[in-house]
Amino acid sequence: MSHNSFGHLFRVTTWGESHGPVIGCVVDGCPPRLALSEADIQPFLDRRRPGQSRFTTQRQEADRVRILSGVFEGMTTGTPIALEIENTDARSKDYGEIAARFRPGHADITYELKYGIRDWRGGGRSSARETAMRVAAGAIARKVLGPEVSIRGALVQVGAKAIDRRNWDWAEVARNPFFSPDPASVDVFAAYLDEIRKAGSSVGAVVEIVAEGVRPGLGAPIYGKLDADLAAALMGINAVKAVEIGDGFAAAALRGEDNADEMRMQDGKMVFASNHAGGILGGIATGQPIIARFAVKPTSSILIPRHSVDRAGHDVEVATRGRHDPCVGIRAVPVGEAMMAIVLADHLLRDRAQNAGNGLDR
């Protein structure tokens, strides 16, 4: 199976399956002499870790990361950084009933059609379990970006229930199990997901990621656009079906004068009056906050029987047992942050390589 790597100068390759003994990744291209230890990575993994509330899968994984290479005496060496996490609570028997059946809405059928074989234990490589390594790699990317760059994510919609953006409070994100920035939404989300969970169903979600402190100039025109790479990275997260930058689809309903972000000089510096573009113009960062949103579809593994087929070509019904997220979008928040960090770190290194010594204040 190819295409398990992403990034150019900062390149991440993930490996392992949901119910294999371990999952892991290799981060290549990280600059040397950055302070790095497991303690720098673990807090981000803890935010994504399953089993922390009744609103996510009850699979219990400590997700303790180990650094196997690329770090010496607490510093990166510039060589590939290998990371691994043990799988300790896989229950493959829960999937025995679907070993020869394909879950509707799941990648089961496409893996079978493409490869003629699939790991049915928890979905194998198609499982969101793989995203733990993206989060670990994202923690290293944040080290490359430095403390001046802030990357934060929030859940802004669960199913048909959306937050009130007037209540936005970043501090609230860490206080509730939904990563919601709106305190008034917490009880609404909880009651809604309890209803969905008891019905044996699932719902989708919308996640918003904001990066601040990104210097202007990152990205490249035409085939190296920052927003194109960011969209690809976010679209590559399990169950994501749509991505938008800035106003996104809403921009189609605006007039030109309303969509354009006007500019003025203020205290000797150019400033924007708005940020409809989401911090990127012509594929290049403007220096404003980079804002991206992505939509996550409902979890495919549900208890409600759905029509499908099996490997023998028979019509069957599929109801998936086991432990699954009633809304996989909740734990997608730290994954989205990680993908934003990886893309920005990659573009930062590209920009340094191209513009070194050109006199620009970078």
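The values are calculated or read from the model by the stated rules, or taken from the named source; none is laboratory data. Being a predicted model, the structure only gives us computed values, none of them experimental. Every residue, glycine among them, receives a Cβ derived from its backbone with ideal geometry; neighbour counts consider all protein chains shown. Keep in mind that these areas ignore ligands, DNA and RNA; they rest on the heavy atoms of the full protein, side chains included. Shrake-Rupley method; radii C 1.70, N 1.55, O 1.52, S 1.80 Å.
Modelled this way, with points 7 Å down the Cα-to-C-beta line, the labels at Glu257 and Ala356 are 4.9 nm from one another.
Let me check I have the definition right: for the stretch 283-362, take the eigenvalues of the Cα gyration tensor, multiply each by 5, take square roots. What are those semi-axes in whole Å, largest first? Working shown, then result.
Working: eigenvalues 418, 45, 20 Å².
That gives 46, 15, 10 Å for the three semi-axes.
The C-alpha atoms of the stretch 185-288 occupy a region whose extents along the principal axes are 58, 30, 28 Å, arranged from largest to smallest.
Projecting the Cα atoms of Ser308, Ile291, Leu226 onto the charge dipole of the stretch 207-308 (Cβ charges, centred on the Cα centre) puts Ser308 farthest toward the positive pole. Residues of the stretch 233-252 with an amide N closer than 18 Å to a point placed 7 Å from the Cα of Ser5 along the Cα-to-Cβ direction: 233.
Ellipsoid semi-axes for the stretch 72-203, based on the Cα gyration tensor and the rule √(5λ), read 31, 29, 13 Å when sorted largest first. For the stretch 1-48, the Kirkwood estimate of hydrodynamic radius, built from reciprocal distances between every pair of different alpha carbons, is 12.8 Å. Which residue fluctuates most in the GNM of the chain (Cα springs below 10 Å): Arg33, Arg166, Arg293? So, out of Arg33, Arg166, Arg293, the one fluctuating most is Arg166.
When each full DSSP H helix of the chain is screened for a Cα extent of at least 24 Å along its own axis and an average Kyte-Doolittle hydropathy of at least -0.5, the helices passing are 332-355.
Note on Ser127: accessible area is roughly 20 Å² with a 1.4 Å probe, heavy atoms of protein only.
Averaging 1/r across all pairs of distinct Cα atoms in the stretch 178-223 and inverting the result yields a Kirkwood radius of 14.2 Å. Per residue, the stretch 180-284 exposes an accessible area of 52 Å² to a 1.4 Å probe, with every protein chain left in place.
Going from most exposed to least, what order do Val22, Val240 have by accessible area with a 1.4 Å probe?
Values: Val22 35, Val240 10 Å².
Sorted by accessible area, descending: Val22, Val240.
Using the Kirkwood radius over Cα pairs, work out the Stokes-Einstein diffusion coefficient for the chain at 37 °C and 0.692 mPa s, in µm²/s as a whole number.
Working: Rh = 21.6 Å.
After rounding, the answer is 152 µm²/s.
By a 1.4 Å probe calculation restricted to protein chains, Glu172 has an accessible surface near 20 Å², given to the nearest 10. If only the Cβ of Lys and Arg carry +1 and only the Cβ of Asp and Glu carry -1, the dipole of the chain around its Cα centre is close to 640 debye.
For the stretch 209-356, what percent of Cα pairs sit more than 22 Å apart?
Value for the stretch 209-356: 53 percent of Cα pairs lie more than 22 Å apart.
Modelled label positions at Met235 and Ile117, each set 7 Å beyond Cα in the direction of Cβ, lie 3.0 nm from each other.
Working from the Cα coordinates of the stretch 61-144, the gyration tensor eigenvalues give, after taking √(5λ), semi-axes of 33, 14, 10 Å in decreasing order. Across Ala295, Ala128, Ala273, mean-square fluctuation computed from a Gaussian network of the chain (C-alpha pairs under 10 Å connected) peaks at Ala273.
Computed from backbone phi, the HN-Hα couplings of the stretch 272-278 come to 9, 8, 7, 9, 5, 6, x Hz, rounded to whole numbers (Karplus: 6.51 cos²θ - 1.76 cosθ + 1.60, θ = phi - 60°; Gly and Pro given as x). With all protein chains in place and a 1.4 Å probe, the accessible surface of the stretch 78-216 carries 52 percent carbon and sulfur.
Under 5 Å between amide hydrogens, built in the peptide plane, is the criterion, and for Ala220 it picks out Lys225, Leu226 among residues at least 5 positions away or on other chains.
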